[in-house]
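To start, the structure itself, in structure tokens.
Coordinate-derived values only; no laboratory data. Small disclaimer: the values here were computed from a predicted structure and weren't measured. As a convention, Cβ positions derive from the backbone with ideal geometry for all residues, glycine included, and neighbour counts pool all protein chains shown.
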Amino acid sequence: MQGTPNTYGGVGAAPITAPHSGARNINSRDTKIAPGEIAVGVVIGRASEYFDFFVYAIASVLVFPAVFFPFADRLEGTLYSFAIFALAYVARPVASLVFMVIQRHYSREIKLTIALFLMGSATVAISMLPTYSRWGEWSIVALAILRIGQGVAQGGSWDGLPSLLALNAPQNKRGWYAMLGQLGAPTGFIIAAGLFSYLMAELSQDDFLVWGWRYPFYVAFAINVVALFARLRLVSTPDYTHLLDEHELDPAPAREVIGNQGTNIVIGALAALASYALFHLVTVFPLSWIQLYDTRSMSQFLEVQMMGAGLGIVGVLASGLIADKFGRRNTLGTLAALIALFSGFIPTLMDGGVTGQNTFILVGFLLLGLSYGQAAGAVTSNFLPQYRYTGAALTSDLAWLVGAAFAPLVALGLAANFGLGYVSLYLLSGAVGSLAALSLNRALEIRN
């Protein structure tokens, strides 16, 4: 075949930004990409997303009740703030489906650019949002809209790289490579908590609530810009596109996926329920509880949480080794049982003064790292290849919605009105859900 090579590949290769670009339009040359290269894209993408996530989460406890809900008491203001916090997770599954339509008609790069541009715009808009004292109720409406915008952007930022990493990893190291993207959660928390801790320690309360809290949102915007170009550089190359298409990691029609793989989506979401429930019970909930019912310095408490997140990183790394030795599902099941056991100690530890609270944070983060390290896609191998891309995205969205979206709101509401024992029951229900889903998944595998 004669002709001029185009920008994106060899002679005659279709540009990857062409509509309907897929396996049939990509040159079929033999391409070998090391899993470590894919891991770079996964870690960069997830770390930037989690940093954004935790900047908003921490602000929803330390800032928003005072600046957007000054008419309510501290508890009610925090609950209102948590209700808006949950909106992103409600919007995320719908947004995933919409952005997959965009990807099918245009390209992976265009979809990712729109999503990350929207995320950056919503984040920087929050940083410039007038408070209730200036805009009244419209400031709350604007905050809710921008939070939904963040959720829409998160739904559109699914790039398929975690699934590609899992499929491209050596058979005996699937657990190790699966945990790499999960490192973004504790890493993002450490950076976000560090920023807020520094600002609260160095600024007066008035300065912090007037302008200091806005600074982390500007940093989040800058990180988003860097992450956008880093991820586009990876997913826009012919080599990566070839691998994605080779594994059939392209979006499939949602109705077809749900109709054929709906059971796997539900089981996959519930299998990691314990991890997602614990996620907010060691990050957001204790921050709100200490803020409302304790006299500890919030800056110092954030430092304790940062140490806990450091243990979380150790746990995530260890989960990869453990999963490769004993199996990912066995690891998840064992950790769900340990989380169930841990749930019984929540009242004792949170009411146990500084020592008890610190123990809750450190042990909780370690368990979170061990379980969350293998929470992504533990049962996605159940999906047929042509449904894996969409199925994995919807499984993740559903897990966040069911397990994490309302966890701070429910946990704080239960603890404030009925006692910390009900938070134990809430976390226990998540652990039981995980064990039931893993057992059902095993039973279905045996039957089939």
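Can you list, largest first and rounded to whole Å, the semi-axes you get for the range 71-170 by taking the square root of 5 times each eigenvalue of its Cα gyration tensor?
33, 15, 11
In vacuo Debye scattering of the range 271-347, one point per C-alpha: log10 I(q)/I(0) at q = 0.16 Å⁻¹?
Per q value, in the given order, log10 I(q)/I(0) is -0.71.
For the range 101-202, with the dipole built from +1 on Lys and Arg beta-carbon atoms and -1 on Asp and Glu ones, taken about the Cα centre, which of Ala142, Asn168, Leu180 lies farthest toward the positive end?
Projecting each Cα onto the dipole axis, the largest value belongs to Asn168.
If you place +1 on the Cβ of every Lys and Arg, -1 on the Cβ of every Asp and Glu, and leave all else neutral, what size is the dipole of the range 304-448 about its Cα centre, to the nearest 20 Debye?
380
How would you order 382-394, 288-300, 138-150, 264-276 from highest to lowest mean count of nearby Cβ atoms within 10 Å?
264-276, 382-394, 138-150, 288-300
How large are Rg and Dmax for the range 344-423 when calculated on the C-alpha trace, in angstrom?
16.9, 53
Could you give the Stokes-Einstein D for the range 253-311 in µm² per second, using the C-alpha Kirkwood radius, 37 °C, 0.692 mPa s?
The estimated diffusion coefficient comes to 231 µm²/s.
Compute log10 of I(q)/I(0) for the range 292-443 with the Debye formula, placing one identical point scatterer on every Cα and leaving out solvent, at q = 0.09, 0.15 Å⁻¹, to two decimals.
Reported log10 I(q)/I(0), two decimals: -0.33, -0.88.
In whole Å, largest first, what are the principal axis extents of the Cα atoms in the range 59-102?
Projected onto its principal axes, the Cα set of the range 59-102 covers 43, 14, 13 Å.
Sorted by packing (mean other beta-carbon atoms within 10 Å per residue), highest first, where do 313-323, 99-109 land?
Descending mean neighbour count gives 313-323, 99-109.
Taking the inverse of the average 1/r across all pairs of different Cα atoms in the range 115-193, what Kirkwood radius in Å do you get?
Across the range 115-193, the inverse of the average 1/r is 15.2 Å.
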